[in-house]
Amino acid sequence: MFKLTKVRITYILTLTIFFTFQILLKEHPIQIEKSPEIQQEIQENSAEEPKWFIEIPKISLKAEISEGTTKETLNQYVGHFEKTQTECGNIGLAAHNRGYKVNYFQNIKQLQKGDEIRYVHDKFEKIYEVEKCRIIKDTDWKYLEDTEDIYIDTEDDDDEYEYEMYTSN
């Protein structure tokens, strides 16, 4: 026979209260008012994209940029030539074009005059337009001199030459 003890009565009451609250909360959910500052912070954090990247729609490229051009950096990111600018002036970028796990610039030879390149660094954003594409020697560093251009270089250990292009707005 089923005997009601204090423990069983307490257990039944606890379950009853629990399920009653569950039903009430579904019918009348608790509304928590968020301050405008908190709402803005939530929006910024939820839709946060990398703060330093390059996007080239023609070749479906969107890649994060990291400081440096070491092999370790280029195996994960588009690299930034440290002696060039990050916002105003000549911005020098490098990435592999073949033969590595990450080859961000593998389709860069498809770019033509007039194609757009979107560059974002923190709050700085600029759309560049391809002006010239050419193959240069890997010892020719004059394209990294200070200008208002963005210089894109592909890294390929086997080639004597590297494909480069520069753009202006």
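The values are calculated or read from the model by the stated rules, or taken from the named source; none is laboratory data. Note that the structure is predicted; figures quoted are calculated from it, not measured. Positions of Cβ are backbone-derived with ideal geometry, glycine not excepted, and every protein chain shown enters the neighbour counts.
Taken over the range 103-134, the criterion of being aliphatic (A, V, I, L, M) and surrounded by 14 or more Cβ atoms within 10 Å (Cβ to Cβ) is satisfied by Ile108, Leu111, Ile117, Val120, Val130.
In this structure, does Glu82 turn out to be closer than 21 Å to Leu144 by Cβ and either surrounded by fewer than 16 Cβ atoms within 10 Å (Cβ to Cβ) or without any contact (Cβ under 8 Å) to a residue 12 or more places away in the chain (or both)? Show your work before the answer.
Numbers: closer than 21 Å to Leu144 by Cβ: yes; either surrounded by fewer than 16 Cβ atoms within 10 Å (Cβ to Cβ) or without any contact (Cβ under 8 Å) to a residue 12 or more places away in the chain (or both): yes.
So Glu82 fits the description; yes.
Identification of strands (runs of 3 or more DSSP E) wholly contained in the range 42-149 with 1 or more residues that are touching a Lys or Arg at 6+ places or on another chain (Cβ under 7 Å) and modelled with pLDDT under 90 yields 124-137.
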